[in-house]
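Input: a single structure, listed below in structure tokens.
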Amino acid sequence: MTILENVLKDNKEFVENFEGTEMSHHAAKKLAILTCMDCRLIDFFEPALGLKRGDAKIVRNAGNSIVGEDAIRSIGAALYNLGAEEVMVVGHTECGMAGADAEALKEKMIARGIKEEDIAKYDLAQWIG
Ligand SMILES: [Zn+2]
């Protein structure tokens, strides 16, 4: 069974047992947070900040970086359309993006078939802090 098939199986079981509740699209604590996508933060980050489902808009990306349109668009949507009034940027220790080598990352992308012009289009140098 592939990873995707396992995820779909788990999701099917979850949906069958899920009892939905009405919730607002707005963050109950009027908070937007930008943080890292590090998988070690799952089931850890929110409890560490006393947050529950519905409390905050949480944007996750590589290395909790604000460069790039997606992070800015998401924070803007949280502030101007989804009820957030404050923004927090939360980093963490031992981030996988700390000290990342832009050239090595570019070589890996090319090895997987991404064209150099597409890498340049997204200005890879901005991604690595
Ligand atoms: Zn990180």
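Just one residue in the set Asp70, Asp10 is part of a helix (DSSP H, G or I), modelled with pLDDT under 90 and not aromatic (Phe, Trp, Tyr); that residue is Asp70. The number of residues in the range 74-90 being within 16 Å of the ligand (Cβ to nearest atom) and within 13 Å of the chain's Cα centre (by Cα) comes to 2. Screening the range 15-50 for residues that are of a type in the set (A, V, I, L, M) and part of a strand (DSSP E or B) and picking the one that is farthest from the ligand (Cβ to nearest atom) gives Leu31. Against the definition (surrounded by 13 or more Cβ atoms within 10 Å (Cβ to Cβ) and within 13 Å of the chain's Cα centre (by Cα)), how does Met37 come out, yes or no? Taking the combined requirement at face value, the residue satisfies it. Looking at the range 51-73, can you tell me whether even one residue there is surrounded by fewer than 18 Cβ atoms within 10 Å (Cβ to Cβ), within 16 Å of the ligand (Cβ to nearest atom) and without any contact (Cβ under 8 Å) to a residue 24 or more places away in the chain? There is no residue in the range 51-73 that is surrounded by fewer than 18 Cβ atoms within 10 Å (Cβ to Cβ), within 16 Å of the ligand (Cβ to nearest atom) and without any contact (Cβ under 8 Å) to a residue 24 or more places away in the chain. Residue-level check: of (1) within 16 Å of the ligand (Cβ to nearest atom); (2) open to solvent by 60 Å² or more (accessible area, probe 1.4 Å); (3) hydrophobic (A, V, I, L, M, F, W, C), Ala100 misses just (2). Among residues of the range 87-102 that are assigned to a loop (DSSP other than H, G, I, E, B), those with a Cβ under 9 angstrom from a residue that is β-branched (Val, Ile, Thr) and more than 10 Å from the ligand (Cβ to nearest atom), sequence gap 6+ or separate chain, pair up as Met97/Ile128; Gly99/Ile128; Ala100/Ile128; Asp101/Ile128.
So is Asp10 open to solvent by less than 70 Å² (accessible area, probe 1.4 Å) and not assigned by TED's automatic domain parsing to the domain that holds Tyr122 or not? For Asp10, the condition - open to solvent by less than 70 Å² (accessible area, probe 1.4 Å) and not assigned by TED's automatic domain parsing to the domain that holds Tyr122 - is not met.
Among the residues of this structure, Glu94 counts as one that is within 16 Å of the ligand (Cβ to nearest atom), more than 19 Å from Ala27 (Cβ to Cβ) and open to solvent by 100 Å² or more (accessible area, probe 1.4 Å). Annotation: of all residues in the range 5-34 being of a type in the set (A, V, I, L, M) and under 30 Å from Ala98 (Cβ atoms), the one that is farthest from the chain's Cα centre (by Cα) is Val7.
The values are calculated or read from the model by the stated rules, or taken from the named source; none is laboratory data. All values derive from a computational prediction rather than experimental measurement. Counting neighbours? That spans all protein chains shown, and the Cβs are built from the backbone with ideal geometry, glycine included. Ligands, DNA and RNA are stripped out before the accessible areas are found, and what is left, the full protein with its side chains, is counted by its heavy atoms. Shrake-Rupley method; radii C 1.70, N 1.55, O 1.52, S 1.80 Å.
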